[in-house]
Structure formats: C-alpha cells, structure tokens
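Read-outs: derived from the displayed coordinates by stated rules, not from any lab. The structure presented is a predicted model; accordingly, all values stated were derived computationally and were not measured. As a convention, Cβ positions derive from the backbone with ideal geometry for all residues, glycine included, and neighbour counts pool all protein chains shown.
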Amino acid sequence: MTSYYKVVITNPGNPAYIPVNSTDDFYNQNEVINMNEQSSRYTSLDINTSLDLALYTSRNLETKKDGKKRYCQKCQRDKPDRAHHCSVCKTCILKMDHHCPWISNCVGFKNYKYFFLFVFYGSIYCIYIFSTIMSFLVALPTEKRNSITFDFQAFLILIISAVFGVCLMIFTAMHLGLILSNRTTIESMEGSGYIKFENLSSGETQVISLKKNNIYHLGSKRLNFNQVFGKEVKNWFNPFNGKQFGDGHNFEINEKVYNKLKETYEG
Ligand SMILES: [Zn+2]
Ligand SMILES: [Zn+2]
C-alpha cells in the first residue's frame, strides 16, 4: 500500500526532468538545426516546437539599462523580452527563471510549470514520509522506542525528509509568490528589465526599471497565475499538461501600467 502510494505521489515529479528547454527558436533555421544536433537532451517535442517557433519574432519592449537594444554577444542575436543567457547551458533561455543544478537544466518559459509542480509534489512527498515514520515511532511502545530496534536507516530517512521537506516548502512558497506577481526569480532579484521612453517634445530619453514598474503584473493574482498554469483548473496540477500562454517571446503586459508610464515619460 505504501509503495503504491509512493509511486503515485512520486510520478508527478518526473516531468520536471523533461528537458523542454527553451532554446530560442525564432532565429534562423540553421541555428535551430545546430541546436538539435548539439545534444540528444532535446526531445522530439522540442525539435518540433523549435521549427514551429522559428517563425516567431519578438517585439523587444525591454532594453538594457542604458536604453540600448538587448543583444546576446555569446549567441550573436537579439534577446527576446524576459530571456537571459545561461552560462551553464551556453544559450539564451526564454523567460529564464534560474539554472537548476538539481535537474541539471534551466528553468524557463516551457518548463516552469513542471518545475513548480515538481517542487510542490516533492514537498508533499517529504511531508508524507516524515509523518509516516513519525507516526510509526509514536505508536511504538516506549521500551521498544528506547531500544536500538528502531533502525538507523529509518532515522536517516526521517532527517532527510525533514530537511528536504522544509527546503521544498520554502521553495514552493517563494515561487508561488513569484507566479502571483508574474515575475521570474531573475526579475525579482535584479529587476533586469528596462523600458525606454522618449519625450515627444524634448526628445529626451528615459530608461525605466521594470522592477519598480512591473508591466507584467496583469492586475490580478488570478490572471498572473493563469499565465503559467492556464485557465483550466483541471490542468493546474496535471504534470502532463504543460500548455503555455503565448510563444515565450512576447508577453502580455498590463496596458494600464504601461500607458501610465508612457504618459508620464513621453509627455
Ligand atoms: Zn545568449
Ligand atoms: Zn541553464
């Protein structure tokens, strides 16, 4: 019974390992093909989407801190909004969140939902193991508990599940906060996006940080949440459904916030 439960609970974590990497696909076909040759890590699903997305272009609303175009010197191409170069993966990653050594992959536009579910189910699994061993311990008669019959292995698992459980719960809470404000880890830490406005009368340009003015916050937590999990409640916790809003190059923005900024800075 326990192992059955374990299997059911553990499975949802696996999709986090699917390397649905966001290797920017809207560049030229040659590059996409190279990328596919580059490593066997990319699944057939990825190859198809790469070719489909080869047609996409980015509107590039974001600029660098100095107002210049965001360009990746290493990949020799423009960076779409919210994309960043990962030095470990050696490529630009769409809506990059962070590089995760635990899954030896980047967490970005296409696998963020899987990542979140993996962390979420992982924490539940740890809590389950911890409470199972704990309840077993508590149920033991006192004299047995004090003797060495409670083996070292169970004790070790108890400690490991406690440590991992706490870490994963903190991670889940952190990422839920980010999802609800439609931010990536990078954006929340560096506020790396900027937008440039040009005053129509004076011609003066002003570069505004998106950290203070989050144009991606769509006005409600629900709308922000939907960007990652979709609209259909039945798919929210389904690790086999990774359907995303948008193409990863262009993102819905809060028009109200954007227009207000535009009015303020463009005059
Ligand atoms: Zn790059
Ligand atoms: Zn990476």
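LEU223 versus TYR258, label points 7 Å from Cα toward the beta carbon: distance in nm?
Simple spin-label model gives 1.2 nm for this pair.
Starting from the 7 Å offset along Cα-to-Cβ, what nm value, one decimal, do you get for the label separation of LYS234 and TYR128?
2.3 nm
Would you list CYS89, CYS106 from fewest to most Cβ contacts within 10 Å?
Neighbour counts put them in this order, fewest first: CYS89, CYS106.
Pop out the Kirkwood hydrodynamic radius of the range 59-190 from its pairwise C-alpha distances, inverse of mean 1/r, in Å to one decimal.
Over the range 59-190, the inverse of the mean reciprocal pair distance is 17.8 Å.
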